[in-house]
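The values are calculated or read from the model by the stated rules, or taken from the named source; none is laboratory data. Nothing here was measured: the structure is a model prediction, and the numbers come from that model. Counting neighbours? That spans all protein chains shown, and the Cβs are built from the backbone with ideal geometry, glycine included. Keep in mind that these areas ignore ligands, DNA and RNA; they rest on the heavy atoms of the full protein, side chains included. Shrake-Rupley method; radii C 1.70, N 1.55, O 1.52, S 1.80 Å.
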Amino acid sequence: MEIFSEIYNCYYQVLRHLLCTKAPATLEEMRSQVCQEGFLESMLSIIPKLESGSWNLLRKDGNLYLSKLTSDFTVPISALERSYLKALLNDARIGLFLTPSQTASLGSMLAETPPLWKPEQFYYYDRFADGDPYQDENYRRIFRTLLGAQKNRQYVNIDYTSPQGKRVHHYYVPARLEYSVKNDKFRLLALEGRHPQKMKLAILNISRMQNVTATDQTLDAAVDLNQIIRDSYEKEPLRLHITNKRNALERAMLHFANYEKNTKKVDENNYECLIYYNKTMETELLIEVLSFGPMLKVVGNDSFLADLKTRLLKQQTLQMVSSSTPHITETS
Amino acid sequence: MSNFQELIGSFPKTREYVRDFFVYGFKSRDEFKDKSPRTYDNERRRLECWLAPYVRKDYAANGSNISLAIDSNLLDVNPLFQVWKTKSFTDYDITLHFLILDLLQNGEALTADEITCRLLSAYDTLFDTQTVRRKCNAYVKAGLLEKQKSGKAVGYFLDNTLAHWLKLHKDVYDALAFYQIAECFGIVGNVLTDQLDFCNGSFRVKHSFCVHTLEDEILLDLLEAMNRKSSVQLTIKGTRGGNTVTTACIPLQIFVSTRSGRRFLCGYMSGSRRFSCFRLDSIKTVTLLEKSDRFDEYREQLDRNRSHIWGVSFQGSEGQHLERLTMTVQVNEPYDHYIVERLMREGRGGIVTRIKPDVYQYETTVFDCNEMLPWVRTFIGRILSLECTAKSVERRFYQDLSIMYHMYEIGG
C-alpha cells in the first residue's frame, strides 16, 4: 500500500470533476476550473494535454469539449482507504459520529480488511489522564446536537457548569468543535451575540455541558471565524530570542509549530522568533516558554515579559524561604 | 527552468525540503549549501505552487526568504497534505485510470482483451493488451479492482458497494472530516473526503503539528513490520550533525508526544539488549528483515517497564537503573486547586500527597529524570523544593534557574 501514489494526485481529482460534468465546456471554462482546484501552475500542464488529446478523455465538438465518461462515475475505495476506515472503527470517538448499526454495517463490509493501525501500536506518553467520556450517551447526544447546529448556524441553549462550579445558561451559535490531542477533549468554539458583525468568541468544554438544546433561531449570515480569531491576537506578538545551543532552535521551531510564527536569523548563532497568540492561549504559552528554561529569552511583549518575571520572582522568593536553600548555595 | 514540472517522481528528497521550509522558514538560497542552485530554485517553485496560500515572502539583507505561515488555530485541513498529491504519472496512466474505471462501473467482469477492445469501440482509444493488463493488475494490487479466474481467463471487475455506502451516509463525512485533521494518517482520510467531494467545515484541532504528516510513509512501513513481527533495518540521518547511520531493531510501538507532535519508534536492540527510541523524522528508510520469534516477549517487557518511562529514554545519565524525583509545590488552597489537578492529570502516575496546608508533594520513579525537567519548569513560581536521586538533574534545574534570574535581572 502506498500513500504517495498517482491515484491520489491532485490532477486526477481536478480531472474527475471536469469529466463528471455532463455539460459540454469551453476551454476557458475548463481553465477556470483547473485554476480553482489545481496547484498554482497546474493549468500550464493540464490544459495543453486536454487540448492536444494526449489525455484522450474528451470529445471535441466545435469549441466545446465533452467528457468521454458514460457512467455515473464513482472512484472505488482503495485498499489503503479501506484499511484506514477499518482502523477508525477501533477508535473510541467513532461512536460520536456513527450509530451502532452504521458501525456494524461498515464493519461487515470491511470484515476481511486489516486495520491500518491498532490503538495499542501507539503510546501517547504525555497525554493528560482525564480525557472526555466518549462512551457516555449524554455526551454523545450533546456532541451531535452541537454538530447539527453548527452546520445550520443555529443558536443553541447551553446549560454549562463553569470551572468555578457555577451552573449557567446561555445562547450561542456553535462555530467549530475543537479537539485537543494533548487534553483528549473537545471544546466548542462558540459565537455569542445577535449581529454577525459583532459576534464574540467563547470557548466551552463540551464535558462541562449538562444539556444542550437547539433553538429555531439561526444566524442570518456566515461569520468569518478566522478573522475573529486573528482580531483576538495581541497587537504585539511574543518576541523570543533563541541561541542555538543544545539543538534549541529546532526544538523550539517544532514545539511552537502550532502557532503562527515568524523567525529571522539575527547573526550566526542567534535567532528571533515572533509568535502570535491571544489571551486564551497566554497561560499555556507562558508555561511552554518556561519549560525551555534559559534556552529561550523573552524580550517582548511587555505584558508577557512581566508575567514571566513575576513567576521567576515568586520562585526566587520561595527558594529563599524554603528549606531547600542548600541547592541554591550549591550552585551560586 | 523550461522543464519545470509541478509533479515529482520521488517523495524522500521533497520531504526534506518541505520539512526545512516548514521548520526553519528562514533559510535563504545561500544557506541551502548541500544542494545546487538549480535544485533549490525548482524545489522552491514547486513549494510555492503546492502551498501558495501559505507562502510568505520576506526581504532580508541577505536576499529574499520564503517561509510557510501556518497557524493551526485557523486550519480546517493540513496544508501539507498537498505534498502527498503530487506524484507524477504518464499520459497512459491518467487515460487508462478514467476509461477502465468508467468501463467497469456496472460491475461486469472483463478480461484484459475485452477491456482493450471496448476501449477502442466505446472510447475511440487504442492501447495494447499488455499495457491494459499491467494497469489492471496494478489496480488489483491497490485494491481498486478485483480479479476472478474463469478457466484460463482472468476477469477484472469493480465492486463499488463500499463507495456507494459511504456516499449515502453523511455521518461518515463528519467522521472523516474530524479524523483527517485529528488522527494519524490524516492524509488518507483527506483523500477520502476529496473523493466524497466534502470539505471539513466543523472541526479544528488545538495542538496540531502539520509537519509530521511527512513521516507517514515511514510510519506505514514500521506498522507493517510490527504486524509481521519482523525486525527492521533503519537508515537514520542525525538531526544535528546530519550524519547517516544504519541500525537494526525489533519495532515494538510508536511513542507520540502530544506537546510537540513528535513521533518515535520504540524498538528492542538485540545487540545491546536494550529498548531504544528513534525519531520518525530522522528515519529515512525502513527495510524489513526476518521475523522475530521474541516479538511478544519484548512487547510484554516494554509494557512492564511502562510505568517508569517518562518520555522516550530508558536510561538516565548517572547509570542508576531508576531515578526518583520529589517536587514540593506551594498551592494557595482552595483557589489554586487546579495546580493539584495538573499534578495528577499531567504527572504520569506520580504520587501526589498533601503534606500540610498549602503544600503538596509530587513523587515519581522513572528511568531518566532529566526528561522531566521541561515539565518541572512549568511549575516555576510554586516550587518549594526539588530533589532527585540523580544529582545532576537537581543541579541542572537550579543552575538553569540561576541563569534565568540573571537573564531577566530578577533579585539582586
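For the peptide B:379-388, the mean number of other protein chain Cβ atoms found within 10 angstrom of a residue's Cβ is 6. Using amide H atoms built 1.01 Å from N in the peptide plane, name the residues 5+ places from A:ASN205, or on other chains, whose amide H lies under 5 Å from its own. The list, which skips near neighbours in sequence, is A:LEU188.
Relative contact order of chain B, taken over Cα pairs closer than 8 Å and 6 or more residues apart, is 10 percent. Counting only Cβ charges, +1 for Lys and Arg and -1 for Asp and Glu, the dipole size of the protein assembly as shown around its Cα centre is about 700 debye. Residue-normalised convex hull volume from the C-alpha trace of the range A:61-158: 228 Å³ per residue. For the protein assembly as shown, the equivalent ellipsoid derived from the Cα gyration tensor has semi-axes of 48, 30, 28 Å, listed largest first. For the pair B:THR39 and A:LEU305, label points projected 7 Å from Cα toward Cβ lie 4.3 nm apart.
The lysines within cross-link reach of A:LYS86, meaning a Cα-to-Cα straight distance under 16 Å and a gap of 8 or more places when in the same chain, are A:LYS118. If I fit a long axis through the Cα atoms of helix B:295-305 and take the longest principal axis of the Cα atoms of chain B, what angle between them do I get, 0 to 90°, rounded to 10? Helix B:295-305 and the main axis of chain B meet at about 30 degrees.
Once the C-beta distance of A:GLU236 and B:GLN5 is scaled by a Förster radius of 30 Å, the resulting FRET efficiency is 0.10 to the nearest 0.05. Would you be so kind as to identify which of A:ASN9, A:ALA23, A:SER45 lies farthest towards the positive end of the dipole of the range A:1-51, taking Lys and Arg as +1 and Asp and Glu as -1 on Cβ and the Cα centre as origin? Checking the options against the dipole of the range A:1-51, the answer is A:ALA23. Annotation: extensible slack from B:ASN106 through B:GLU409 equals 101.4 nm (criterion: 0.36 nm per residue apart, minus Cα-Cα distance). The C-alpha atoms of chain B define a longest principal axis, and helix B:337-346 lies at about 50 degrees to it. Our note on the geometry: Cα centres of the range A:121-143 and the range A:157-199, 18 Å apart. With contacts taken as Cα pairs under 8 Å at a separation of at least 6 residues, chain A carries a relative contact order of 10 percent. In a simple Cβ point-charge model (Lys, Arg +1; Asp, Glu -1; nothing else charged), the range B:283-412 has a dipole of about 80 debye relative to its Cα centre.
Here chain B carries DSSP beta bridges of which approximately 100% are antiparallel, counting only pairs with both residues inside.
Counts of other chain beta carbons within 10 angstrom of each beta carbon in peptide B:260-269 average 2. Rounded to the nearest whole Hz, the Karplus-based 3J(HN,Hα) values (6.51 cos²θ - 1.76 cosθ + 1.60, θ = phi - 60°) of the range B:77-89 follow the sequence 8, 6, x, 6, 4, 4, 5, 6, 9, 10, 5, 6, 8, with x at glycine and proline. A simple spin-label model places pseudo-atoms 7 Å from Cα toward Cβ; at A:THR215 and B:ASP91 they are separated by 6.2 nm. Computed from label points 7 Å out along Cα-Cβ, the spacing between A:ASP159 and A:GLN197 is 3.7 nm. Legend: mean number of C-beta atoms from other chains within 10 angstrom of residue C-beta atoms, peptide B:83-94, equals 6. Where both bridge residues fall in the protein assembly as shown, DSSP classifies roughly 95% of the beta bridges as antiparallel. Note on chain A: semi-axes of the ellipsoid equivalent to its C-alpha gyration tensor, largest first and rounded to whole Å, are 46, 30, 24. Among A:LYS245, B:LYS87, A:LYS314, the sequence by solvent-accessible area, most first, with a 1.4 Å probe is A:LYS245, A:LYS314, B:LYS87. Between the helical axis of B:391-407 and the dominant principal axis of chain B, each derived from Cα atoms, what acute angle in degrees is found, rounded to the nearest 10? Once rounded, one gets 90 degrees.
Placing unit charges on each Cβ (+1 for Lys and Arg, -1 for Asp and Glu) gives chain A a dipole about its Cα centre, and among A:TYR277, A:SER54, A:ASN258 the Cα reaching farthest toward its positive end belongs to A:TYR277.
Rolling a 1.4 Å probe over the protein chains gives A:HIS195 an accessible area of about 110 Å².
Protection proxy ranking, highest mean first, for peptides B:72-84, B:148-160, A:141-153, A:76-88: A:76-88, B:72-84, A:141-153, B:148-160, where packing is the per-residue count of other beta-carbon atoms within 10 Å, averaged. Only one residue of B:GLY189, B:THR39, B:ILE410 has its Cα farthest out toward the positive end of the dipole of the protein assembly as shown, where Lys and Arg carry +1 and Asp and Glu -1 on Cβ, and that residue is B:ILE410. What separates the Cα centres of the range B:275-323 and the range A:1-51 is a distance of 46 Å. The shape of the range A:235-309 can be summarised by an equivalent ellipsoid whose semi-axes, obtained from the alpha carbon gyration tensor, come to 19, 12, 12 Å from longest to shortest.
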